[in-house]
Amino acid sequence: MFEKLREGLSGLVGKVATTELKAKQLRPLLQDFKMNLIENDVAVSVADHICSEMKKRLDGVQVKRLEDKRELVKKNLREVLLEILATSEKIDLLELIREKQRVNQPLAIVFVGINGTGKTTSIAKVAKLLTRNGFSVVLACSDTYRAGSIEQLEEHARRLGLRMIKHTYGADPAAVAYDAINHAKAHGINVVLIDTAGRIQTDRNLMNELAKIKRIINPDLTILTVDSLTGNDAVMQAEEFHKRVGIDATILTKVDADVKGGSALSVTYATKKPIVFIGTGQKYDDLEEFNPEQFTQMILK
């Protein structure tokens, strides 16, 4: 994962370590580094920010030994990346469920994102994670638009041994979500995971539909699924969904196939919301909690 981004970061550390730390000498190196970041799916605004911060931190610093200079560059780069990835908001999903349990209420999560990002599969993975931790889960298919969407979620529910709430195609998506939450309350179910339609993010009707679902059920969390392989389009999706619907967190999918790695930085920078999980394969267990420190450490190896 992320081999190309790791190579670019390593290259910067090596070049800067053998250069006088003055703005004039740093400028061309950071310009090359900026292009490398953009080539690896880091959005232009994020690449600008990283290079600007590095120039500010390194300009005029006096370091005698080569190895000390290398460590200084690496340390500052790690800090800049962590400032982007370690958002001020933290989400502990299991603790949120326990808090709702104390007041005998289910935790309702709405999943949004365009078709093809792995949204429905991510819901199934989250459901597996929660049941593994002893929580009861019900699924809701509020995607009453895409052909096959009900059957797809139904199949995941069958494999996982879970109940799924559905209406017919063309039904009101908000009504499905509302019924699922009432079902959870009536049966003492801990978590409601709600799948939604995923047409292109500029579809006004879709955004209005999602906004209506949120208005009707007032979910505890809205999670956006983003395909890490879509590059800068991932950033546009994140910005649009956050602006039009409002998101609390992101799941980054297909990370195991991503050799570039810039999407994680870009999406977090664009939304200022945390990545809660990354999808690392096709199986239900291929879902990992996202750790900004570990991610930064990995790409700086």
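The table for this structure:
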{"item": "Gain in span if fully extended, residue 179 to residue 44, counting 0.36 nm per residue against the direct Cα distance", "result": "44.3 nm"}
{"item": "Under 12 Å, Cβ to Cβ, from residue 248 - net charge with Lys/Arg +1 and Asp/Glu -1", "result": "+2"}
{"item": "Peptides 8-15, 264-271 ordered by average Cβ neighbours within 10 Å, highest first", "result": "264-271, 8-15"}
{"item": "Cα-based convex hull volume of the stretch 105-218 per residue, rounded to whole Å³", "result": "88 Å³"}
{"item": "Taking N as its residue count, the alpha carbon Rg of the stretch 1-139 over 2.2 N^0.38 Å", "result": "1.50"}
{"item": "Choice from 50, 123, 216 showing the highest fluctuation, given a GNM over the chain with Cα pairs closer than 10 Å", "result": "216"}
{"item": "Unit charges on C-beta of K, R, D, E only; dipole of the stretch 85-219, Debye", "result": "220 debye"}
{"item": "Value in Å of the Kirkwood radius, where the chain supplies the Cα pairs that are averaged", "result": "20.4 Å"}
{"item": "Ascending count of other beta-carbon atoms within 10 Å, so fewest first, for 35, 236", "result": "35, 236"}
{"item": "Residue 154-residue 10 pseudo-label distance in nm [points 7 Å out on the Cα-to-Cβ vector]", "result": "5.0 nm"}
{"item": "Local net charge near residue 49, Cβ-Cβ under 14 Å (Lys/Arg +1, Asp/Glu -1)", "result": "+1"}
{"item": "Rounded to whole Å, sorted largest first: equivalent-ellipsoid semi-axes of the stretch 3-85, Cα gyration tensor", "result": "20, 13, 12"}
{"item": "The stretch 197-301: C-alpha pair distances exceeding 20 Å, %", "result": "41 percent"}
{"item": "Inter-label distance for residue 218 and residue 132, nm, one decimal - labels placed 7 Å from Cα along Cα-to-Cβ", "result": "3.4 nm"}
{"item": "Residues 242, 187 arranged by fewest to most Cβ contacts within 10 Å", "result": "187, 242"}
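Read-outs throughout are calculated quantities, based only on the coordinates presented, and are distinct from any laboratory measurement. Keep in mind that this is a model prediction, so the values were computed, not measured. Positions of Cβ are generated from backbone atoms using ideal geometry, with glycine treated the same way; all protein chains shown enter the neighbour counts.
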